[in-house]
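In what follows, a single structure is set out as structure tokens and then discussed.
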Amino acid sequence: MATVAAKRKISPVEEIDINEGVNLFVDEPPDSEDDDDTTDSDSSEYSGLEDEPDTDDDDGDEDDEEDDDDDEDAENDEDEEDEDEDESDVEDSAEETSSHSKPTNQEIVTAEPDDKEGKITQLPDEYEYDSSDEEDIRNTVGNIPMEWYRDYSHLGYDVEGKKLLKPEKGDELDEFLDKMENPDYWRTVSNKLTGQKVLLSKEDVKIIQNMQKFKNPVGSDMYEPWIDFFTNEKMIHPVSNRPETKASFIPSRWEMLKVSQMVHALKMGWMKPTPTRKPDEEDETNFYMLWKDDEEPEITRQYRQYIPPPKVRLPGHAESYNPPEEYLPSEKTVQRLKKEIARGKTRTIPQKFSSLRLVPGFKYFIRERFERCLDLYLCPRQRKVRMNVNPDDLIPKLPKPRDLQPFPTTEYLVFKGHKGIIRTISPDPKGQWIASGCDDKTVKIWEVATGRCIKTFNVESKVKGVAWNPNPSLSIIVVAVETSLIIINPHVGDKLICSKTDLLLNSFEEVELPPAPTDKPKVTEWELYEDAEYELGFRLKIKHQREISQVTWHGKGDYFASTMPKGESKSVLIHQLMKRRSQNPFSKPKGLVQCVLFHPIRPFLFVATQKYVRIYNLMKQSLSKKLLSNCQWISSMAVHPGGDNVIIGSYDSKLSWFDLDLSTKPYHTLRHHTMALRSVTYHKRYPLFASASDDLSVIVCHGMVYSDLLQNPLIVPVKVLRGHKAAKGLGVLDCQFHPSQPWIFTAGADGTIRLYT
Amino acid sequence: MDENTPHVQAKFYTKQSQYSVPDTPFSVPITVGVEELSSLINGLLKGDEIEDESVKFDFLINEEFLRVALNEYLEQRNISTENVLEIEYIEHHPAPKPDNSLLHDDWVSCLQGYSQYVLSGCYDNTIRLWKTDGTELMTIPAHTGPVKAVKWITQDEEDTSPLFISGSHDQTIHIWQWNQEKKEVDCMVTCRGHTESVDCLAINNENQRFCSGSWDKMLKIWSTASASEQDEQEDSTSTQKKRKKTDQIIPTRVPIVTMSGHKEAISSVKWLNLTDVCTASWDNTLRIWDVNRALEKSQLQGPKAFFDISYSPSNGMVIAGGSDRHIRLYDPRSTDGAVVKCAFTSHKLWIVGVAWSSTNDNHFISGSHDGIVKLWDRRSPKAPLYDMTGHEDKILAVDWSIPDLMMSSGADNNIKIYSYSHHKNISS
């Protein structure tokens, strides 16, 4: 704006220069108008110029321009006719001409005194009588041919009716003498009206001479250069600074008359109004719908409502230039706000100014406007159908973990002694002992209460699975070592039970004989340990063809199943301890079997492959259900002691809870872990389940299953247990609950078992 | 002290008569701490008699130790400063001193002192006899499993052939006689009946009965007699299998009474009097049994599994340590109101051993898996009187049978002995 204004200021000055030049050069009435034109634009700038003496004249001049012209004509005529007109007339005419050519005005004025002094003496002071530019009224005969008074001694009458006597006319001689002696004789004429002699001024002479030469009598340049003030370009300033004429404020009487005339004519029926054409008919014929399909049905139009742009928040106290003290941010807050601004957020830092004058310009005004425009233009707007619901109502009402006690909260014991990755642990059914299998080729039995390693069994290779027989009246551990299962009597706890177990194991050898002569190729070979190894506690060895990854017991403690992921059609084998028999329940491979589990009550077998869990009815020998895990790779599985709920842990760090009564899809999926899950487990007594993961954490959840079929299981995560350290990229590999206490054992890759209570 | 600090009226009294001061209220500045009060009492005392050393005192307000400045204490308890405070003061308890360390070959799971002897049970199936000065007297290969409990039967210091019992993972309890003259230890009786490890033993005050608690959830009462004819008879009635197993002349004894009721293993057992036995179990309960009628008398539900309890005959209270970090004080006589009278929290891990002092009914010690033995005054639940460090691993048991010696055994194969210094005059 400022630059534009500056330009404006400069340009008139230039124009003025030009105009002044023109002024000096042209000396024409339009020229004065032009002056007005320029002065009009900025009165304050040109006050000095306007004060020029001639401007006053101009105003009057323009007003009566037309009248003047008329007068001129008349007076010119008079001049020609009355040659002996007195001095005032001459002056009048001189004045009139001067109005047209001002710069020459001065010359005339200077010339006049000479004339007065020289020629006209008998005339009294012109102000003694009427000096108006009305017709000369010294002679009241009017506009008649003066020949009529040729023979009279007078040539008319004055206002009072006295005879105006003809001036004394000399004789021919006087005439001649005068002609000889008077140098101005040639320009002396007699006024016909008064009979007086009038000395023509030089100007008059010039006019006459011009007229004789058929030139412009005034003698000015008729062909001066044309200045096109009224251009086709639109100017921002009016051409003239002249105020509106009075006439323009007063309603025109003539127009009124004319209108009233027309009204009267209309009333009388003399005048007929022009018939108005009907536009509708013509429109219909002229326009038509180019795209007929454009017509929207009413329903879609309802959806397509106008969506008002989002409103900008109105400024509050904080945006004030003089905010109340409590709105002024502290130093810290200012730092924070500045950081946020640097990050690209829109924040205003309230500032206090003592007065509005001191407020600096808003630095980001343009940017802010621009962004607002972008927002309005680029932001796609749509109407959201929102339900008017309190968001708190949508969150399921979960009880607080505090109310769900007891659950393990703190690490209390660390079982140290293993020198490798502990892959598997299994507590004994009474809860006094826990067995662990480790990569250091040992199986250790620990006392739970003190963390004391009671026994160590050395095996040939890394231990993949350990399972304590769930039957409390048997003292048996099954250990999975590479391609074989080893049955160990650990000889801890009740001695009677231990000896009974040995007795049982030995006594069934005879029963084992009859099924031996079968034609089928044996899937496994059962071997007995002897002597020294028997003394140590090793009892039986079941040789498989492939590497065993997992072993699990049936709840009764007679059957147990082993998993061989690479065993193809023999990937799952079910063994019967008492009869020393192994059988392959599946004739066809089912995929990579990850783990198998027995149903705690009914004769079902859960087989988890990579993505699915199949539930087989062992009695009917048929598939009963197939659970879609919705995860990439199942790592572990646990069955609720009630048998109707299953949890599955997967390598893609998900834990899925299946309610078998509900559906084959997960009832609930928990994604609390950040890395692969290694183990999931249920507590046998308390409504707890836990998951162990490579992210070194074990998450304990409250999982209440209601006997009421209408109520869905309640799942509340209650505790994250940490403590294990990472080793070889593995974290916590197994977790098992204590059979009776709300305690959890975790086995880690760092070679420790930890007990949380 | 500033003139401006507000003052409070305090009346001092003590049960230790040699330190008694006049029963007039004093105006003390409210900002004073224990040390200022202590010097105040000392000043009062010195007016009466001339002592060489100033005595350090502890102050109790409403049966609770003053550990902070007086004004803080009053603010915490919302006690008005208008009334006259009654402040009890007692001589500051001197610090216990580490006395001895008895090194074993394996984890020491249990111990008990008697006279100047210490009996300890080890995870290498042995029982060891020590003198308190640190000399090892004997190592007895007693059991076929780790020894979990040992107790002296004989309380008489004059006895030259004291008896003791031991319980073990091998499910048996042996009664031993130590012939001091012959320097021999003989197994007198083998008590059979438990089907799981015997975890705790307790002798009654008259030394005629003892009871045992086991992982098999049973509480059994036995006779302590070193030899009795009953044994033989009972032995013959016992099953053939047991007979076969022992293969020795050692007579076998069966329990007088067996009481079941606990749902989990019994971890600790104590006699309350001649007829009542209190047991603590992993099933979160304390149960009191009437031995004569073989009944369960009452039951106190705890929040966590119990590992050890101790009963003080002098104040009738039971302290219990369990599978969390709190020691809880129970009153077995009360049936209404809060079950837990007080909780003492300072340990960081499981509390596996607690023992009352037999001489000071306010003091007890506790041992935890965090390897620290703490001496507590029951009037100071927030902080123990002293922490006794020394163990490098878990503590498995503590004992305070000898009034002067606090002992603890742990998984670092050590028994640590700390001497308990008495006041010059023991409070009544």
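List of remarks:
- For the residue pairs A:Lys441/A:Lys543; A:Lys590/A:Lys625; A:Lys462/A:Lys725, the alpha carbons lie more than 19 Å apart in A:Lys462/A:Lys725.
- Ranked by the mean number of other Cβ atoms within 10 Å of their residues, highest first, the peptides A:140-152, B:339-351, A:424-436 fall in the order A:424-436, B:339-351, A:140-152.
- Total charge dipole magnitude, the stretch A:673-757, about the Cα centre, Cβ charges on Lys, Arg, Asp, Glu only, Debye to nearest 20: 200
- Projecting the Cα atoms of B:Ala95, B:Ser17, B:Gln155 onto the charge dipole of chain B, computed from C-beta unit charges around the Cα centre, puts B:Gln155 farthest toward the positive end.
- For the peptides A:588-594, A:219-225, A:703-709, residues were scored by their other Cβ atoms within 10 Å and the scores averaged per peptide; the highest-first order is A:588-594, A:703-709, A:219-225.
- Derived scalar couplings ³J(HN,Hα) [the stretch A:411-423; Karplus, 6.51 cos²θ - 1.76 cosθ + 1.60; whole Hz; x for Gly, Pro]: 6, 10, 9, 10, 8, 10, x, 6, 10, x, 6, 8, 8
- Average beta-carbon neighbours from other chains, 10 Å sphere, peptide A:493-505: 3
- Across all C-alpha atoms in the stretch A:415-457, the radius of gyration and Dmax reach 9.5, 27 Å.
- Charging the Cβ of each Asp and Glu at -1 and of each Lys and Arg at +1, and nothing else, the dipole of the stretch B:7-91 about its Cα centre rounds to 200 debye.
- Dipole of the stretch B:7-91, positive direction: furthest Cα of B:Ile41, B:Val8, B:Phe26, with charges on the beta-carbon: B:Val8
- One compactness figure for the stretch B:7-91 is 1.03, namely its Cα radius of gyration divided by 2.2 N^0.38 Å.
- Three-way shape call for the stretch B:314-396 based on the alpha-carbon gyration tensor, with the a/c threshold at 1.5: prolate
- Value of [θ]222 nm, deg cm²/dmol, for chain B, DSSP H segments ≥ 4, -39500 (n - 2.57) each, nearest 500: -2500 deg cm²/dmol
- Net charge of neighbours whose Cβ lies under 9 Å from the Cβ of A:Gly567, counting Lys and Arg as +1 and Asp and Glu as -1: +1
- Residues with amide H under 5 Å from that of B:Lys11, placed H, sequence gap 5 or more: B:Phe26, B:Leu85, B:Glu86, B:Ile87
- Antiparallel %, DSSP beta bridges [both residues in the stretch B:7-91], to 5: 75
- Listed values for the stretch A:522-532 are Karplus-derived 3J(HN,Hα) couplings in whole Hz (6.51 cos²θ - 1.76 cosθ + 1.60, θ = phi - 60°), namely 6, 7, 9, 10, 9, 10, 9, 8, 10, 6, 4, and x replaces Gly and Pro.
- Candidate lysines for bridging to A:Lys338, where Cα separation is under 23 Å - those fewer than 8 sequence places away on the same chain excluded: A:Lys352, A:Lys363
- Test item: Cα-centred dipole of chain B, Lys/Arg +1 and Asp/Glu -1 on Cβ, debye: 1680
- Most positive-pole-ward Cα, B:Asn125, B:Ile395, B:Thr345, against dipole of the stretch B:97-419 from beta carbon charges: B:Thr345
- Rotationally averaged projected area of chain B (alpha carbon convex hull; nm²): 23.1
- Rounded to the nearest Hz, the phi-derived 3J(HN,Hα) couplings of the stretch A:142-154 under the Karplus curve 6.51 cos²θ - 1.76 cosθ + 1.60 (θ = phi - 60°) are x, 8, 10, x, 6, 4, 4, 9, 4, 8, 8, 7, 10, where x marks glycine and proline.
Bear in mind that the values in this text are calculations on the coordinates, not laboratory data. Since the structure is predicted, the reported quantities are computational estimates derived from the model, not experimental observations. For neighbour counting, all protein chains shown are included, and Cβ atoms are generated from backbone atoms with ideal geometry for every residue, glycine included.
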